[in-house]
Amino acid sequence: MNTQGKVFKYPDNVDTDVIIPARYLNTPDANELALHCMEDIDRSFVSKVTQGDVMVAGWNFGCGSSREHAPLVIKTCGTGCVIAKSFARIFYRNAINIGLPILECQEAAEELCADDEVSVDFDTGVITDITTGKTYQAQPFPPFIQNIIRAGGLLKSLKEGETNG
């Protein structure tokens, strides 16, 4: 499983209310919610993000509430991966549950620059900055979690297991 795209760079402590402002949570439509992803910190994100692009952030990405809307809107926008120095634990779990690929890699999060072209190999954890040629090594998820993400989330992976087993 891989992704390749442009970097959108964010600071430490980006909370779930910044990722998707609570004022929009009155709709159950993920596509409608995604139109507001990151708007309080980066108004141009939604108009510029393309399939496979990569969010890069500092420490404690996704802190705040426990709602799954935050990783859901990031995924729905087409973001291929979020790389951060660290993730808030509930966001981390929610990202896996909805099938959003994430990687913790302090060095990559510090050195990757906005608009760099990056490729990510989730099986190996190798992050390649195509712009500079530098590579970074993140710890990949074990195969069972990769299978959850590849299936599109926990519930989808459980349904696949029911039909395959």
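The values are calculated or read from the model by the stated rules, or taken from the named source; none is laboratory data. The shown structure was predicted, so the numbers you read here are calculated from the model rather than taken from an experiment. Ideal geometry is used to build each Cβ from the backbone, glycine not excepted, and the neighbour counts take in all protein chains shown. Quick note on the areas: whole protein, heavy atoms, side chains included, nothing else; ligands and nucleic acids left out. Shrake-Rupley method; radii C 1.70, N 1.55, O 1.52, S 1.80 Å.
Per the conditions (1) at pLDDT below 95; (2) crowded, with 23+ Cβ neighbours inside 10 Å; (3) of a type in the set (S, T, N, Q), the sole criterion not satisfied by Asn147 is (2).
Is it the case that some residue within the stretch 152-160 is touching a Leu at 6+ places or on another chain (Cβ under 6 Å), closer than 23 Å to Ile19 by Cβ and surrounded by 15 or more Cβ atoms within 10 Å (Cβ to Cβ)? Quick ask: steps written out before the conclusion?
Looking only at the stretch 152-160, we keep the residues that are touching a Leu at 6+ places or on another chain (Cβ under 6 Å), and these are none.
Taking every residue of the stretch 152-160 in turn, none turns out to be touching a Leu at 6+ places or on another chain (Cβ under 6 Å), closer than 23 Å to Ile19 by Cβ and surrounded by 15 or more Cβ atoms within 10 Å (Cβ to Cβ).
Among the residues making up the stretch 107-136, a single one is part of a strand (DSSP E or B), under 15 Å from Cys81 (Cα atoms) and open to solvent by 60 Å² or more (accessible area, probe 1.4 Å): Glu117. Being touching a Cys at 6+ places or on another chain (Cβ under 7 Å), within 15 Å of Gly78 (Cα to Cα) and either outside any strand (DSSP E or B) or open to solvent by 40 Å² or more (accessible area, probe 1.4 Å) (or both) is the filter here, so list the residues in the stretch 1-19 that pass it. Of everything in the stretch 1-19, just one residue is touching a Cys at 6+ places or on another chain (Cβ under 7 Å), within 15 Å of Gly78 (Cα to Cα) and either outside any strand (DSSP E or B) or open to solvent by 40 Å² or more (accessible area, probe 1.4 Å) (or both), namely Ile19.
Exactly one residue out of Gly52, Gly62 is among the small types (Gly, Ala, Ser) and surrounded by fewer than 21 Cβ atoms within 10 Å (Cβ to Cβ): that is Gly52. For the stretch 97-106, the set of residues classified as of a type outside the set (S, T, N, Q) and either closer than 12 Å to Gln139 by Cα or part of a loop (DSSP other than H, G, I, E, B) (or both) consists of Gly99, Leu100, Pro101, Ile102, Leu103, Glu104, Cys105, listed by residue number. Inside the stretch 74-100, can you point out the residues that are of a type outside the set (Val, Ile, Thr), open to solvent by less than 20 Å² (accessible area, probe 1.4 Å) and under 16 Å from Lys6 (Cβ atoms)? Those that are of a type outside the set (Val, Ile, Thr), open to solvent by less than 20 Å² (accessible area, probe 1.4 Å) and under 16 Å from Lys6 (Cβ atoms): Gly78, Gly80, Cys81.
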